Amino acid sequence: MPESTPATPPDVPEKARVPRARAVPTARPFRVAVFFAALHFLGLIATATALAGFFLRPSLLASCFLLGGLVFCAVSWLIAYFKRRAVHCPLCKGTPLINSGALPHIRAHRIRPFNHGTSAVLSILATQKFRCMYCGSDYDLLKPRTRLLPDTEGDGTEESA
């Protein structure tokens, strides 16, 4: 006689854990760095357009536009580099908007022709979210902080003089 198995439902996997994005203490350094990086990207597009115009109709005006675009790209790259270098991940203190050559986290997100830092900049431009390439944490620049700020007390009592 075969042994009967108890009629228990199959093991139901517990609810899949969806990682929620963290809030950054202050989004301003990220926004400033992304602004200058976007300005640099626009400068690259303008310089490529000036280069195409120079090859189609070489003239003094076209060469001036090309030279101006190259100077703008150099200056904007320098500013964007230092601004992106000044931004740090709140959790691991790495520089998520610029690559340092360290091995990225397994959950790090990358858009294929670009490196992890440029992918983070483009992600912030498009969605206001990014993933740190060193610790793999998701961050949302639009999410408000959950902790109270030091200058505001959350006890609900007000003192009247």
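The values are calculated or read from the model by the stated rules, or taken from the named source; none is laboratory data. Bear in mind that the values here come from a model prediction, so they are computed numbers and not experimental data. Note that each Cβ is placed from the backbone with ideal geometry, even for glycine, and that neighbours are counted across all protein chains shown.
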(request) Pick out the one residue from ARG112, ARG84, ARG20 that is of a type in the set (D, E, K, R) and either over 17 Å from MET133 (Cβ atoms) or modelled with pLDDT of 95 or more (or both). (result) ARG20
(message) What's the number of the only condition in (1) surrounded by fewer than 13 Cβ atoms within 10 Å (Cβ to Cβ); (2) at pLDDT 90 or above; (3) not polar (S, T, N, Q) that PHE54 fails to meet?
(response) (1)
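Quick one: is LEU103 at pLDDT below 90, exposed (fewer than 15 other Cβ atoms within 10 Å of the Cβ) and either more than 17 Å from the chain's Cα centre (by Cα) or among the acidic types (Asp, Glu) (or both)? Show your work before the answer.
Numbers: at pLDDT below 90: yes; exposed (fewer than 15 other Cβ atoms within 10 Å of the Cβ): yes; either more than 17 Å from the chain's Cα centre (by Cα) or among the acidic types (Asp, Glu) (or both): yes.
Taking the combined requirement at face value, the residue satisfies it.
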(message) Consider the stretch 104-150. How many of its residues are in a loop (DSSP other than H, G, I, E, B), closer than 21 Å to CYS92 by Cβ and out of contact with any Leu (no Cβ under 8 Å at 6 or more places or on another chain)?
(response) 16
(message) Regarding the stretch 115-129, can at least one residue be identified that is farther than 24 Å from ARG20 by Cα and either over 13 Å from the mean Cα position of the chain (by Cα) or hydroxyl-bearing (Ser, Thr, Tyr) (or both)?
(response) no
(message) Cβ contacts < 9 Å: first residue in contact (Cβ under 8 Å) with a residue 24 or more places away in the chain and among the charged types (D, E, K, R), restricted to the stretch 23-52; second residue crowded, with 16+ Cβ neighbours inside 10 Å and assigned to a helix (DSSP H, G or I), any location; separation 6+ or different chain. Result?
(response) ARG31/ILE124
(request) Please determine, by comparing only the residues of the stretch 82-98 that are surrounded by fewer than 17 Cβ atoms within 10 Å (Cβ to Cβ) and within 19 Å of ALA38 (Cα to Cα), which one is farthest from the chain's Cα centre (by Cα). (result) PHE82
